[in-house]
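To start, the structure itself, in structure tokens.
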Amino acid sequence: MKKLLFIYGLIGLTALSCSKDEVPEEINEEELITTVEVALSSAEGNVTMVYRDLDADGPQAPTINVSGPLQSGVRYVGSISFLNESESPAEDITEEVEAESDEHQVFFVANGFSLNLEYLNNDGNGQPLGTAFAITPTQGSGTLTVMLRHLPTKPNNGNPDTAGGETDVLVSFSVNVQ
């Protein structure tokens, strides 16, 4: 009889400890982004911007290349790609960003020139994502900072300083607008 009570007690404790209400927390590991590629196209020509840091926080400095100047008043249609080139073949992180679009947004900040920005793709709630975009710069020289934010407040006014979230990657390109 004592053995039977012990077994029933053990079954009861097991049932209580395995409640259906307990759902394991989903872990979303931060991806390594070693490369950011910005491709801009217009009727006047194409410009590419590439940031590459294959050793991440290692001792080697990143390489940053801009293929040429932008033209003032010209509308450029752009796309941005996020890659992990520390793997072979390179992992396209852009696919994950777009699949989790409600949790991400790309921000663009111009310093030294003005920039009209249009987001050309949205998340499932109709809020800006930014892996597809259009920009129209005005004359000047400075930096174009591109940042990918994880879990920004949406909707937001396009200002990363007030959007919150965590920065997944932040890169600045020296830009000359003629």
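The values are calculated or read from the model by the stated rules, or taken from the named source; none is laboratory data. All values derive from a computational prediction rather than experimental measurement. Note that each Cβ is placed from the backbone with ideal geometry, even for glycine, and that neighbours are counted across all protein chains shown.
Descriptive notes on the structure:
Here's the yes/no breakdown for (1) in contact (Cβ under 8 Å) with a residue 24 or more places away in the chain; (2) in contact with a Leu (Cβ under 8 Å, 6 or more places away or on another chain):
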site	(1), (2)
Phe82	yes, yes
Pro89	no, no
Ala99	no, no
His104	yes, yes
Gly112	yes, no
Glu118	no, no
Asn122	no, yes
Gln127	yes, no
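- Test result for Val50, under 15 Å from Ala134 (Cβ atoms) and not acidic (Asp, Glu): no
- None of Glu31, Glu87 is in a loop (DSSP other than H, G, I, E, B), of a type in the set (Asp, Glu) and surrounded by 12 or more Cβ atoms within 10 Å (Cβ to Cβ) except Glu31.
- Within the stretch 44-61, the set of residues being modelled with pLDDT under 95, surrounded by 11 or more Cβ atoms within 10 Å (Cβ to Cβ) and either in contact with a Lys or Arg (Cβ under 6 Å, 6 or more places away or on another chain) or small (Gly, Ala, Ser) (or both) comprises Ala56 only.
- The stretch 118-158, residues that are assigned to a strand (DSSP E or B), crowded, with 18+ Cβ neighbours inside 10 Å and aliphatic (A, V, I, L, M): Ile135, Leu144, Val146, Met147, Leu148
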